[in-house]
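The values are calculated or read from the model by the stated rules, or taken from the named source; none is laboratory data. These figures come from a predicted structure and were not determined experimentally. Glycine gets a Cβ as well: all are built from the backbone with ideal geometry, and neighbour counts include every protein chain shown. What goes into the accessible areas is simple: the full protein's heavy atoms, side chains included, and nothing from ligands, DNA or RNA. Shrake-Rupley method; radii C 1.70, N 1.55, O 1.52, S 1.80 Å.
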Amino acid sequence: MSALPSDAGEGSAQHGHDAHAPAHVPEPTPVPTLNIANLLTLSRLVLVPLFVAALFIGDGTDTFWRAIATGLFVVASATDQVDGWVARRYGLITDFGKIADPIADKALIGAALIGLSLLGELSWWVTIVIAFREIGVTLLRFWVIRHGVIPASRGGKAKTMTQIVAIVAYLLPLPAGAAPVRWVLMGLAVALTVVTGLDYLVRAVRLRAAGRRATGA
């Protein structure tokens, strides 16, 4: 006498379910390139030429336009902090943002340093040292990109913040007595720029070496 199928068996046969089949996992919704985080990044790029124009009006000596230039720089710098937080908080990280964000940062800082040097208010060697470090780090990123990404360190974040504060001190139409404060702030920014650049170099070499060992290259 043959055994009758159980209710469970009938249910499985009727609905086509396999008890051992893996559960369906929905594909994640792609993050749109045009999102609030990337718009903030693009706004920083748009503010760069406006900042430069304001800085050079009246050969950089017009107090009103100097204050406008400082305000534009501060607002643009603030978007750098906000766009990263928004991207992480709301899952809006995109490949475009990963590329555009550092470009916008370097464009803003570079424009400020070069502008101040052209106006004769900041020694060219400071601008060259910082620019050399930023270009070098960018090249290192491409050098190790096959093996991974080096996350931003606390030193790197401190470097960026110190650069911003030092540049604001130079942009503000302060009296001559503020010169020593400017020198100290910019000196600290340069020191952090060099130290974090060397740290990035060491970490990049280690990452590349580890990657080559893992692949047997």
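Does residue 66 satisfy the criteria of being modelled with pLDDT of 60 or more and loosely packed, with under 11 Cβ neighbours inside 10 Å?
Considered against the rule, which asks whether it is modelled with pLDDT of 60 or more and loosely packed, with under 11 Cβ neighbours inside 10 Å, residue 66 comes out as no.
I need every pair where a residue in segment 131-160 that is modelled with pLDDT of 85 or more and among the acidic types (Asp, Glu) has its Cβ under 6 Å from the Cβ of a residue that is in a helix (DSSP H, G or I) and surrounded by 14 or more Cβ atoms within 10 Å (Cβ to Cβ), sequence separation at least 6 or different chains.
Taking only residues 6 or more apart or on different chains, the pairs are 134/106.
Let's see how each residue does on (1) farther than 28 Å from residue 149 by Cα; (2) open to solvent by 80 Å² or more (accessible area, probe 1.4 Å); (3) in contact with a Phe, Trp or Tyr (Cβ under 7 Å, 6 or more places away or on another chain); (4) among the β-branched types (Val, Ile, Thr):
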{"site": "36", "(1), (2), (3), (4)": "no, yes, no, yes"}
{"site": "41", "(1), (2), (3), (4)": "no, no, no, yes"}
{"site": "53", "(1), (2), (3), (4)": "yes, no, no, no"}
{"site": "57", "(1), (2), (3), (4)": "yes, no, yes, yes"}
{"site": "70", "(1), (2), (3), (4)": "yes, no, no, yes"}
{"site": "92", "(1), (2), (3), (4)": "no, no, no, no"}
{"site": "99", "(1), (2), (3), (4)": "no, yes, no, yes"}
{"site": "105", "(1), (2), (3), (4)": "no, no, no, no"}
{"site": "118", "(1), (2), (3), (4)": "yes, yes, no, no"}
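Residue-by-condition table, conditions (1) touching a Leu at 6+ places or on another chain (Cβ under 7 Å); (2) touching a residue at least 60 places away in the same chain (Cβ under 8 Å):
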| position | (1), (2) |
| --- | --- |
| 37 | yes, yes |
| 60 | yes, yes |
| 67 | no, yes |
| 85 | no, no |
| 95 | no, no |
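One residue is enough: does segment 135-153 have a residue meeting the conditions closer than 19 Å to residue 187 by Cβ, in contact with a helix residue (DSSP H, G or I) (Cβ under 8 Å, 6 or more places away or on another chain) and part of a helix (DSSP H, G or I)?
So far as segment 135-153 goes, no, none of its residues is closer than 19 Å to residue 187 by Cβ, in contact with a helix residue (DSSP H, G or I) (Cβ under 8 Å, 6 or more places away or on another chain) and part of a helix (DSSP H, G or I).
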